[in-house]
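Only the coordinates and a few stated rules stand behind these numbers; no lab work does. Here the structure is a predicted model, which is why all the values come from computation and not from measurement. Glycine gets a Cβ as well: all are built from the backbone with ideal geometry, and neighbour counts include every protein chain shown.
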Amino acid sequence: MTRGRFITLEGGEGAGKSTQAARLIAALEAAGRRVVRTREPGGSPGAEDIRALVVRGEAARWSPRTEALLMFAARSDHLERTIRPALEDGAWVVCDRFADSSRIYQGVAGGVDPAFIEALDAAVVGAEQPDLTLVFDLPPDVGLSRAGARAGEEARFESKGDGFHERLAAGFRDLPRRFPDRCVAIDASGDADAVFSRVWAVVTERLG
Ligand SMILES: Nc1ncnc2c1ncn2[C@@H]1O[C@H](COP(=O)(O)OP(=O)(O)O)[C@@H](O)[C@H]1O
Ligand SMILES: [Mg+2]
């Protein structure tokens, strides 16, 4: 069985990750691939339980360092129970957020030592890095206004304030420089059709 490919989507709130994940999966399936759609935090029953702890409540409920540990605990379960079995079964996995969100939310924007995050990544993800990471680039005010109405009970990160979201945007913009073999910036402005044509061009060029 040929191992599947692992694609992650990253970027700030409202950048269009979930919209483009749905389109990408439809296009891959139309091309004859089996695809598993998943997301973080969450993506397995245990990881979804941890998600409920991290995305709800007051902004200061957890320190960024504790958040990082919770995120990687969830990621460990998600890899073991969902991602690895799917890839080994030959499916492609499309994951809405993954370890780069820990690098940026807890590391760049949250102030956790990058070496602490990289040690967790090496221990938990190790060689199972994504084959391709699409990084959606959109000014944070545009993303937050797109996302605006939906906040609801999972709004803990949205509530962290403008400075936090500016640091997020800068952190995401820097990812393709930090991980040039894996991360590709996608201009997330314009309508969803225009964005998807950029996504599909990158996916077909990088993964065939
Ligand atoms: N290219 C686009 N232009 C305008 N609105 C968009 C675009 N892509 C997505 N949206 C809308 O913006 C909101 C946030 O998009 P979403 O895909 O949920 O972003 P994310 O998953 O990155 O937070 C949704 O209401 C979605 O329908
Ligand atoms: Mg989303």
Once Lys and Arg are counted +1 and Asp and Glu -1 for all other residues with Cβ under 14 Å from that of Lys160, the total becomes -3
Inverse of <1/r> over all distinct C-alpha pairs of the stretch 139-208, i.e. the Kirkwood Rh in Å, gives 14.1
Counting only DSSP loop positions in the stretch 125-192, the GluC sites (Glu not before Pro) whose Cβ has at most 12 other Cβ atoms within 10 Å are Glu128
With 0.36 nm assigned to each residue of separation and the Cα-Cα distance removed, Phe179 to Ala26 gains 52.4 nm
If unit charges are put on Cβ atoms (+1 for Lys and Arg, -1 for Asp and Glu) and the dipole of the chain is taken about its Cα centre, the option from Phe179, Ala122, Ser44 lying farthest towards the positive end turns out to be Ser44
Expressed in nanometres to one decimal, the distance between label points 7 Å along Cα→Cβ at Phe116 and Ser197 is 4.5
Magnitude of the Cβ-charge dipole (Lys and Arg +1, Asp and Glu -1) of the chain about the Cα centre, nearest 20 debye, reported as 240
Result row for the chain, helices from DSSP H with C-alpha axial extent 18 Å or more and mean Kyte hydropathy at least -0.5, is 17-30, 64-78, 192-207
